[in-house]
1. Considering Ala127, Ala103, Ala137, which residue is in contact with an Asp or Glu (Cβ under 6 Å, 6 or more places away or on another chain), in contact (Cβ under 8 Å) with a residue 12 or more places away in the chain and among the hydrophobic types (A, V, I, L, M, F, W, C)?
2. Residues to consider are Ala77, Ala150, Ala127; find the one that is under 24 Å from Asp42 (Cα atoms) and of a type in the set (Gly, Ala, Ser).
3. Among the candidates Glu49, Glu10, Glu27, Glu33, single out the residue that is within 23 Å of Leu141 (Cβ to Cβ), in contact (Cβ under 8 Å) with a residue 40 or more places away in the chain, among the acidic types (Asp, Glu) and surrounded by fewer than 16 Cβ atoms within 10 Å (Cβ to Cβ).
4. Six or more apart or on different chains, Cβ under 6 Å: which pairs go from a residue in segment 106-124 that's within 16 Å of Thr55 (Cβ to Cβ) to one that's among the β-branched types (Val, Ile, Thr)? Could you list them?
5. Tally up the residues in segment 98-150 that are surrounded by 13 or more Cβ atoms within 10 Å (Cβ to Cβ) and assigned to a loop (DSSP other than H, G, I, E, B), please.
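No lab work stands behind these numbers, since they all come straight from the coordinates. None of the values given here were measured: they were computed from a predicted structure. All Cβ positions, even for glycine, are placed from backbone atoms using ideal geometry, and neighbour counts span all protein chains on display.
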Amino acid sequence: MQILMMVGSEMGNAEMAGDLVKDELDEQGHDVELFSEGDASDASLEEQEILLLITSTTGLGDIPQNLEEIFEELTEARPDLSQLRFGLVGLGDRNYGETFCGAPKKWLALLVELGAELVGEVLYLDATDNPAPDEDALAWLPGWLALLDA
Ligand SMILES: Cc1cc2nc3c(=O)[nH]c(=O)nc-3n(C[C@H](O)[C@H](O)[C@H](O)COP(=O)(O)O)c2cc1C
């Protein structure tokens, strides 16, 4: 499958998860493009069919800096993404209370609003309960891939 992976990370945890997941997808023979910086035209989501977004949360429920630009552009431009199916892995920390996993939740709302279809369940990872988010994301992957295939 052709898959666009977008990874939002401040301190490297989501990046580590993204790397491990990408290695596995590559090994399985998928054609994976990694997006971790740039604007909406670089990612050209309108031309993609499958997106895997892995993002942590920063600030008070905020999107990591490396995906801020594309998030704002998509919010403004509101492209039709009804051709897009996506999976979502969100990293956060429950100690932040109401802003727990704010960034993946904002992405989820935006992508669904733009017509994209969430495949499977969002994997929310709490830094306290999930000290190895890369392993958890890897364990979540086969279920997501199976649903995409179905
Ligand atoms: C400055 C800072 C602010 C954070 N704010 C939130 C937050 O509002 N909500 C949340 O769920 N997690 C928050 N976190 C927790 C991170 O999302 C979590 O530690 C995650 O594993 C970091 O992944 P990263 O290394 O890829 O950025 C924050 C972490 C830091 C350092």
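1. Ala127
2. Numbers: Ala150 fails: under 24 Å from Asp42 (Cα atoms); Ala127 fails: under 24 Å from Asp42 (Cα atoms).
On inspection, the qualifying residue turns out to be Ala77.
3. Glu49
4. Once the first residue is within 16 Å of Thr55 (Cβ to Cβ) and sits in segment 106-124, its partners that are among the β-branched types (Val, Ile, Thr) give Leu123/Val89.
5. 11
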